[in-house]
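These notes concern the structure reproduced below.
The values are calculated or read from the model by the stated rules, or taken from the named source; none is laboratory data. Remember, it's a predicted structure, so these values are computed and weren't measured experimentally. Cβ placement follows ideal geometry from the backbone for every residue including glycine, while neighbour counts extend to all protein chains displayed. These area figures cover heavy atoms from the full protein model, side chains too; ligands, DNA and RNA do not enter into them. Shrake-Rupley method; radii C 1.70, N 1.55, O 1.52, S 1.80 Å.
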2 protein chains.
Amino acid sequence: MNKQSLRDMKREATAHALADAAFELALERGLDGFVVDDIVQRAGYSRRTFANHYSCKEEAVAAAAVSYKNVHEAEDLIAGIPENLPPVDILYQLMKMQLSAEILWILRELVSLSKRYPTLEPYILNVLRSSQIAAQELLSDLSRGRYPEGYTHLLAGAVYGAVLPLLDGSINVLLPGQSAEESPGAMTFDQYLDMMFGYLRKGF
Amino acid sequence: MNKQSLRDMKREATAHALADAAFELALERGLDGFVVDDIVQRAGYSRRTFANHYSCKEEAVAAAAVSYKNVHEAEDLIAGIPENLPPVDILYQLMKMQLSAEILWILRELVSLSKRYPTLEPYILNVLRSSQIAAQELLSDLSRGRYPEGYTHLLAGAVYGAVLPLLDGSINVLLPGQSAEESPGAMTFDQYLDMMFGYLRKGF
DNA sequence: TTATATCATTGCACAATGGGCAAAAATTCA
DNA sequence: TGAATTTTTGCCCATTGTGCAATGATATAA
């Protein structure tokens, strides 16, 4: 599953450097405050190389949400999952692990940017969708054949559907890394997640 | 909820004409077989007007999935929904109504295109996401305060998560408008939907 | 090691695109 | 009717996307 060759690692490193530079610039100046040349200048690559990795600056900005650390942590988690654990429980663990304070901060910044610059939204959705597909495929792999087709899609869709509104503040929840003053009277992320999984386990 | 003024109807009409032209061209020549000038020439508008409605041709092509007929039919449906019907049942009716043979055909064509031309994918996801949000908001409106925050997001996310894999064939289901020879041995769309809602009602 | 193949990066050139601006045409409202 | 609002359009130009070919770095095989 890992890309291990030096060549692939370098390729991903440049993609990452470009995405980071794009994300920084978007936070500093807004999406219309810089051009692709600014990105490649900051990251130290050519404009042509940028086009080899991303089709536009929106895509590069959204790619900042892809965290390698999380990917590797997820792989460690997967290795430690007991056989025959129900998909609901796997997904529960996966969510608690993947939604770190850091990644939630990046996602919230991206969603905030996408409110000001709507052209960003499709690319953010695409990143989140990729994450949802990865989760669904993990569930499917770990419960091979024990559930009908669609079961894992249903589960993954539900959880991601419930997490997304936390990012734009349409549901008031105290996220990891936020102080209690930021969202007075809000339930915590863990409480919210437990409630959502309660519905999944017991039915609607 | 309706836009009723003549001005708004005309605006949507041009957006629609542009999207239809873009969609036709994409089917005929592939996404790289035409330029924005081809779209506006076919639809009878100026290039500048295109930019007033869409940010790129990918966005226009994906917009072909937005059907006005369905929107109006959905509004009729909403008017006929009994008060206090549980959100699960509302969503079930909504899915059966919105996923007509025509719209499913368009969606399948778009998803098929997005396999060949990955730059299209974020914009298709965006359209589907808009539909998901509309469904969630409908559920939320019709069950004001009777369920905790997140409940309707969870439900809508689950159902859309289960429907999406039908569009790219990763789950083999006989969709409305398809003949039985196309997917031998597959369960029907109605059977699939009933099974998915069974999990939602009874729990995972 | 060396030789060869594969792939990433870069520069160049040019068609295609996005968007500010202002004028013209259409619609709305008083 | 006339004024206000909004859409469409043309003009213009900075920005962008991409095919092609060359160079440099990594991988593979002997």
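Modelled spin-label separation between A:LYS202 and B:LYS10, with each label point placed 7 Å from Cα along the Cα-to-Cβ direction: 5.6 nm. Taking the centroid of alpha carbons for each part, the range B:98-141 and the range A:133-164 are 19 Å apart. Helix A:151-167 axis versus longest C-alpha principal axis of chain A: approximately 60°, rounded to the nearest ten. Specify the angular offset, from 0 to 90 degrees and rounded to the nearest 10, of the alpha carbon long axis of helix A:101-116 from the longest principal axis of the alpha carbons in chain A. For A:101-116 against chain A, the angle is about 60 degrees. When only Cα pairs under 8 Å and 6 or more residues apart are kept, what is the percent relative contact order across the range B:6-63? Relative contact order of the range B:6-63: 41 percent.
Rounded to the nearest 100, the interface formed by chains A and B buries 3100 square angstrom of accessible surface, both chains summed, with a 1.4 Å probe. For chain A, the longest principal axis of the alpha carbon atoms and the long axis of helix A:6-29 meet at an angle near 80°.
The Cβ shell under 12 Å around B:TYR160 holds other residues with a net charge of +2, Lys and Arg each +1, Asp and Glu each -1.
Based on the Kirkwood approach, the hydrodynamic radius assigned to the protein assembly as shown is 22.9 Å, with every pair of different Cα atoms included. With one equal scatterer per alpha carbon and no solvent term, the Debye-computed log10 I(q)/I(0) for the range A:6-63 at 0.15, 0.19, 0.24, 0.30 1/Å reads -0.35, -0.56, -0.87, -1.32. Amide H to amide H distances under 5 Å link A:THR188 with A:LEU174, where only residues 5 or more positions off or on other chains count and H is placed in the peptide plane. Dipole magnitude for the range B:6-63: computed about the Cα centre from +1 point charges on Lys and Arg Cβ and -1 point charges on Asp and Glu Cβ, it is near 320 debye. How would the range A:93-202 be classified by its alpha-carbon gyration tensor: rounded, prolate or oblate, with rounded meaning a/c under 1.5 and the a/b versus b/c comparison settling the rest? It comes out oblate by the Cα gyration axes. For chain B, the alpha carbon positions stretch 53, 46, 26 Å along the principal axes, listed from largest to smallest. Report summary: the helix-based calculation at 222 nm, which adds -39500 (n - 2.57) for every DSSP H run with n ≥ 4 and divides by the residues of chain B, gives -21500 deg cm²/dmol.
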